[in-house]
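J.: Dumping the structure here so I can ask a few things about it.
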Protein chains: 2
Amino acid sequence: MYAMPSKASVTKSPRADRIRHPEVDSFDLATIMRALGDPVRIEMVRQVDADGEILCTDLYERLGLPGSTGSYHLRQLREAGVTRSSAVGTSRIVTVRREDLESRFPGLVDVILRDAA
Amino acid sequence: MYAMPSKASVTKSPRADRIRHPEVDSFDLATIMRALGDPVRIEMVRQVDADGEILCTDLYERLGLPGSTGSYHLRQLREAGVTRSSAVGTSRIVTVRREDLESRFPGLVDVILRDAA
């Protein structure tokens, strides 16, 4: 017999909880450049890469960012395809999508990570 | 005997007419990334590089941009250090600052110019 979905399951489906990431095929160079066009976000990428993976909250703390600010910047990177966020329990772990970026835009990750100062 | 400068020479000195470009030493990666974070500007760089040098007005026309729009985008590129504009008579010729960019951010120009589509 058909059961109406409960209100809870409609408003908060597992699908809505998924962290969305663009596929490699839909990577867009201008979008990625724009995501990297901010010194805070460049530093985020460098810190994440240096650690390999890091908890979002640890990343924000290390950069001295309030959670809301850190979350905003990290979303720009994630939605452009630069980083990947994975849910681990109630936390999120961030990594740089090195291989995905390298496959589409060879050399770009090196430009970002090289200390050009 | 000292002559007061005429009003014309004060309000329109040769200095004010100069087209300003950042020195290589003051290039900033985030600023350059932000300048490149737009599909129109990426296409501008590709078109200028393909020709070696091109008149601003020809560039705008080729991309189907009104002068004001083209001028806006080109200024973002020039002020970030991506392109150089040189006055030739009453026109301006644009080039890509390939060597300057390569010296500070090796590989970046190749990422932009490579057709990743």
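No lab work stands behind these numbers, since they all come straight from the coordinates. Fair warning: this is a prediction, and the values are worked out from it, not measured in the lab. We place every Cβ from the backbone using ideal geometry, glycine too, and count neighbours over all the protein chains shown.
J.: Look at segment B:61-109 and say how many of its residues are among the β-branched types (Val, Ile, Thr) and within 14 Å of B:ILE32 (Cα to Cα).
T.: The initial filter retains those residues of segment B:61-109 that are among the β-branched types (Val, Ile, Thr), namely B:69, B:82-83, B:88, B:90, B:93-96, B:109.
Okay, now just the ones that are also within 14 Å of B:ILE32 (Cα to Cα), so B:82-83, B:96, B:109.
Residues in segment B:61-109 being among the β-branched types (Val, Ile, Thr) and within 14 Å of B:ILE32 (Cα to Cα): 4 in total.
J.: Further, regarding this structure: In segment A:36-55, which residues are surrounded by fewer than 19 Cβ atoms within 10 Å (Cβ to Cβ), away from chain B (no Cβ under 14 Å) and part of a helix (DSSP H, G or I)?
T.: Listed by number, the residues that qualify are A:GLN47, A:ASP49, A:ALA50, A:ASP51.
J.: Inside segment A:77-117, can you point out the residues that are of a type in the set (S, T, N, Q) and surrounded by fewer than 20 Cβ atoms within 10 Å (Cβ to Cβ)?
T.: Answer for segment A:77-117, where residues must be of a type in the set (S, T, N, Q) and surrounded by fewer than 20 Cβ atoms within 10 Å (Cβ to Cβ): A:SER85, A:SER86, A:THR90, A:SER91, A:THR95, A:SER103.
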